[in-house]
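Engineer: Have a look at the structure that comes next, please.
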Amino acid sequence: EPEVTQTPSHQVTQMGQEVILRCVPISNHLYFYWYRQILGQKVEFLVSFYNNEISEKSEIFDDQFSVERPDGSNFTLKIRSTKLEDSAMYFCASSETPRQVYEQYFGPGTRLTVT
Amino acid sequence: AQKVTQAQTEISVVEKEDVTLDCVYETRDTTYYLFWYKQPPSGELVFLIRRNSFDEQNEISGRYSWNFQKSTSSFNFTITASQVVDSAVYFCALSEAHMYSGGGADGLTFGKGTHLIIQP
């Protein structure tokens, strides 16, 4: 069964450093998403991406964040200068359509620890 | 703005008991989608069910059942004859169907989750 994959599974970085989280969505999916979950809290939507541009973003997704689809398979989330409060689990998701006719498939997540 | 409320932070029951997880949502859209996801201790998010706003039929899948009531804006989830493996955090989520003409991708709004503990 096709699945969304994410690398690395755990990333430790120092405050102020740049990090790139990588995701490989399901191959025939066209819509991509990033979510984050601070430990013990709810899952929060960050950004959605379609046709090589941001479709929707939340207030959390400020200028420190950017997304990119550098090639035909990867979808990345970059945090330019990490802060302690960026420590969280980051989930990538993908879907066939935007209308939620089909569900969003989530990857296993990348745990980001900022020290 | 859309909102999902899961008032039960934690529920603990003994194995084989039935348990219902509550979900109440708010949205201004007439077309929307509701979801339940399971997050076991390993951390991944496992899709359980999707329901659109035009389909109020209740659904049963094995020991799981869902009760969608638009009149009370609720989408509750019941596990019958619970098992230890059902222990997890369960999230209810909502997505509004924005009318983009050229596509667009709708993010999910999650509730805070209910931590379900099934004791042997």
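The values are calculated or read from the model by the stated rules, or taken from the named source; none is laboratory data. This structure is a prediction, so every number in the text was calculated from the model and none was measured. Backbone-built Cβ (ideal geometry, glycine too); neighbour counts: all protein chains shown. We work out accessible area using only protein heavy atoms, side chains counted, and drop any ligands, DNA or RNA first. Shrake-Rupley method; radii C 1.70, N 1.55, O 1.52, S 1.80 Å.
Engineer: Quick check for you: with a 1.4 Å probe and neighbouring chains kept, what is the accessible area per residue of the protein assembly as shown, in Å²? If you can, show how the numbers build up before the last one.
Structural biologist: Values: 11390 Å² over 235 residues.
Normalised by residue count, the accessible surface of the protein assembly as shown is 48 Å².
Engineer: In nanometres, what is the gap between the two model label sites at A:Asn74 and A:Leu39, each 7 Å from Cα along Cα-to-Cβ?
Structural biologist: It works out to 2.9 nm between the two label points.
Engineer: Right, another one. Given H placed 1.01 Å from N in the peptide plane, which residues other than close sequence neighbours of B:Ser53 have an amide H under 5 Å from its amide H?
Structural biologist: Those lying under 5 Å, H to H, from B:Ser53 are B:Tyr32.
Engineer: Could you identify which residue out of A:Gln41, A:Gln64, A:Gln14 has the top mean-square fluctuation in a GNM of chain A using Cα springs shorter than 10 Å?
Structural biologist: Judging by the Gaussian network model, the answer is A:Gln41.
Engineer: Ignoring any ligand, DNA or RNA, what whole percent of the accessible area of region A:31-110 comes from carbon and sulfur when the probe is 1.4 angstrom?
Structural biologist: Details: 1520 of 3420 Å².
Answer for region A:31-110: carbon and sulfur cover 44 percent of the accessible area.
Engineer: Still on this structure, please answer the following. Compute the accessible area of each residue in region B:38-55 twice, once for its chain alone and once with every protein chain present, using a 1.4 Å probe on heavy atoms, and list those whose area falls by at least 20 Å².
Structural biologist: With the partner chains in place, region B:38-55 has these residues losing at least 20 Å²: B:Gln39, B:Gly43, B:Glu44, B:Leu45, B:Phe47, B:Arg50.
Engineer: Considering only B:Ser74, B:Ser12, B:Ser65, give the residue with the highest GNM mean-square fluctuation for chain B, with springs between Cα atoms whenever their separation is below 10 Å.
Structural biologist: Among B:Ser74, B:Ser12, B:Ser65, the largest mean-square fluctuation in the Gaussian network model of chain B belongs to B:Ser12.
Engineer: Please work out the Cα center distance from region A:1-63 to region B:1-26, rounded to the nearest Å.
Structural biologist: 27 Å
Engineer: Which one of B:Arg50, B:Arg28, B:Arg63 has the biggest mean-square fluctuation once chain B is modelled by GNM with Cα springs under 10 Å?
Structural biologist: B:Arg28
Engineer: Chains A and B: buried accessible surface, both sides, probe 1.4 Å, rounded to 100 Å²?
Structural biologist: Working: alone 6640 and 6750 Å², together 11390 Å².
Buried surface at the A/B interface: approximately 2000 Å².
Engineer: Please report the relative contact order for chain A, taking Cα pairs under 8 Å with a sequence separation of at least 6, and give it as a percent rounded to a whole number.
Structural biologist: 38 percent
Engineer: Can you tell me the convex hull volume per residue for region A:14-108, based on C-alpha atoms, in Å³ to the nearest whole number?
Structural biologist: So the per-residue hull volume is 102 Å³.
Engineer: Among B:Asn58, B:Thr80, B:Thr109, whose Cα lies farthest out toward the positive end of the dipole of region B:22-114, if unit charges sit on the beta carbon of Lys, Arg (+1) and Asp, Glu (-1)?
Structural biologist: The listed residue farthest towards the positive side: B:Thr80.
Engineer: Please report, in debye to the nearest 20, how large the charge dipole of the protein assembly as shown is about its Cα centre when each Lys and Arg carries +1 at its beta carbon and each Asp and Glu carries -1 there. Walk me through the numbers on the way to the answer.
Structural biologist: On the way: 19 positive and 29 negative charges, 41 e Å.
It works out to roughly 200 debye.
Engineer: At each listed q (0.10, 0.15 Å⁻¹), what is the log10 of I(q)/I(0) that the Debye formula gives for the protein assembly as shown modelled as equal alpha-carbon point scatterers?
Structural biologist: Debye curve over Cα of the protein assembly as shown, log10 I(q)/I(0) at q = 0.10, 0.15 Å⁻¹: -0.47, -1.03.
Engineer: Toward the positive end of the charge dipole of the protein assembly as shown, about the Cα centre and with charges on Cβ (Lys, Arg +1; Asp, Glu -1), which of A:His10, B:Val46, B:Asn67 goes farthest?
Structural biologist: My answer, from the dipole projection, is A:His10.
Engineer: In debye to the nearest 20, how big a dipole does region A:1-84 give about its Cα centre with +1 on each Lys and Arg Cβ and -1 on each Asp and Glu Cβ?
Structural biologist: On the way: 8 positive and 11 negative charges, 49 e Å.
Value, rounded to 20: 240 debye.
Engineer: Roughly how big is region B:1-108's charge dipole about its Cα centre, with Cβ charges of +1 (Lys, Arg) and -1 (Asp, Glu), in debye to the nearest 20?
Structural biologist: Value, rounded to 20: 140 debye.
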